[in-house]
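A short worksheet on the structure shown next.
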Amino acid sequence: MVGEGKQIAATPKILKKINLSTIVKVVMKWEPISRTRIAEKTGISKPTVTKLVRELFTEGYLIQVGKGKSKVGKRQELLALNPKKGYVISVDIGLRTSKIALVGFATSVALVEAVETIPDYSLFLERLVGKIVDVVEERRIDNIHAVVISVPGVVHRNMRVAVNVPLLHWTNVPLADLVELLLLEHGIMTTVTLENDAQLGVIAEVMLNQVPSLEKRDIVYVLVKEGIGVGMFLNRKLYSGRSHTAGEFGHMVIDINGEECSCGRRGCWITLAGSEQLNECAKRGDIKEYVRLFGTGLVNIINGLDPDVIVISGTITEQWDNIFPLLKRMVMMESFVQDIETLQIVSSRFENRIAPLVGGAILGFRDYIEMRETESIVVV
Ligand SMILES: [Zn+2]
């Protein structure tokens, strides 16, 4: 998705496509929304908005959902995306449990199911696809637009191969091909795409305006589950590095004499501050110790990247009220950041594990929501 984006000349046809996808993006973020507000938010002229909205309406992408309040004049029709226009099956692979979400155009989560994760990936994929087929058949859905799988590890830049998932001991597994073939055996023809879980999380946070201000250029998303993943939105663009492996801060070594990590190194951040360590510390009533371990890695990231916003997500948010004051104090004491009071450290507003599922849906509908590198995602 991000990478070799080519600069293209804006012919009228392309301009129209960009305008249409900008409207979809704005409606997704602000629905229910009137045509006047769409024009305000996009900067596209009101007559052009009216024309393009009519087109989206005719093609079934938009629906009317009532009338807005107005002090003067006619009450305006409010528009929303039509969740039945198409569906994405969004899957989030966890160490023990994987989640399957049926998401209507573009981000309305209709259903979330769970399936046990097992390290034998052939068997796991068979069960996963079995569950997807059940969902599709029970709901009689015939317009699956894509399947997107969130992976807790490194994904190849072609977004079809799980290169390294240390927690499950998967190396170079062609997950997308395997799932596509299994679905085809059940008569479902669709495209499967893979992406790193934290990368999908940051897409959801940024596209759906979860972060406190749209003015922010650099956003770091930290996902704490069995491991720790980091998604980065730097200089208003997704950042995935040269070979699509950026964000593996979970494997930054905090203690060179520490416990061996599943990646082969010692004392990685995830061996000290994942969800299991959080649960152990919480049981002992020693949240302070957990914050010391989690905060050490976080301060390293803050010192290295100097971002505007840090969004923290995953199991850690369940303890947020206890963790945040201690974490903030640690960042103030130990980071080099100037104007520390303007660095925003916030807890994700998405429920635990929902952000990567929603991010997966946004990626699955990317034909409609322009996310090319040449046109920065967000900022509408
Ligand atoms: Zn490691």
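The values are calculated or read from the model by the stated rules, or taken from the named source; none is laboratory data. Quantities reported herein were computed from a predicted structural model and do not represent experimental measurements. As a convention, Cβ positions derive from the backbone with ideal geometry for all residues, glycine included, and neighbour counts pool all protein chains shown.
Specify the residue that is nearest to residue 313 (Cα to Cα); the eligible residues are those in the range 229-253 that are among the hydrophobic types (A, V, I, L, M, F, W, C) and more than 10 Å from the ligand (Cβ to nearest atom).
230
Only one of these is modelled with pLDDT of 95 or more and either among the basic types (Lys, Arg) or under 25 Å from the mean Cα position of the chain (by Cα) (or both): 314, 364, 295. Name it.
Only one candidate passes the filter, namely 295.
Out of all the residues in the range 21-43, which are crowded, with 19+ Cβ neighbours inside 10 Å and among the hydrophobic types (A, V, I, L, M, F, W, C)?
Correct list: 23, 24, 26, 27, 28, 33, 38, 39.
Kindly indicate which of 117, 191, 171 is farther than 30 Å from residue 268 by Cα and not assigned by TED's automatic domain parsing to the domain that holds residue 251.
191
I'd like the full set of residues that are part of a loop (DSSP other than H, G, I, E, B) and of a type in the set (A, V, I, L, M, F, W, C), limited to the range 184-198.
188, 189
Identify all residues within the range 147-158 that are more than 19 Å from residue 227 (Cβ to Cβ) and modelled with pLDDT of 95 or more; write none if there are none.
Correct list: 147, 148.
So is residue 245 part of a loop (DSSP other than H, G, I, E, B), in the same structural domain as residue 312 (by TED's automatic domain parsing), of a type outside the set (A, V, I, L, M, F, W, C) and farther than 21 Å from residue 90 by Cβ or not?
In short, yes.
Yes or no: residue 94 on the phi < 0 side of the Ramachandran plot and touching a residue at least 40 places away in the same chain (Cβ under 8 Å)?
Yes.
If a residue must be assigned to a strand (DSSP E or B) and of a type in the set (A, V, I, L, M, F, W, C), how many such residues does the range 138-168 contain?
Matching residues across the range 138-168 total 11.
Within the bounds of the range 68-76, is there any residue that is within 23 Å of residue 365 (Cβ to Cβ) and surrounded by 12 or more Cβ atoms within 10 Å (Cβ to Cβ)?
No: the range 68-76 contains no residue that is within 23 Å of residue 365 (Cβ to Cβ) and surrounded by 12 or more Cβ atoms within 10 Å (Cβ to Cβ).
Which members of the range 263-288 meet the condition of being near the ligand (Cβ under 8 Å from one of its atoms), touching a Cys at 6+ places or on another chain (Cβ under 8 Å) and free of Cβ contacts under 8 Å to residues at least 40 places away in the same chain?
Within the range 263-288, 268, 271 meet the criteria.
Those residues that are closer than 13 Å to residue 122 by Cβ and either part of a strand (DSSP E or B) or within 16 Å of the ligand (Cβ to nearest atom) (or both), I need them from the range 169-183; list them, please.
Selection gives 170, 173.
Please go through (1) at negative phi; (2) at pLDDT 95 or above; (3) in contact with a strand residue (DSSP E or B) (Cβ under 6 Å, 6 or more places away or on another chain) for residue 304 and return the number of the only condition it doesn't satisfy.
Tallying (1) at negative phi; (2) at pLDDT 95 or above; (3) in contact with a strand residue (DSSP E or B) (Cβ under 6 Å, 6 or more places away or on another chain), residue 304 fails exactly one: (3).
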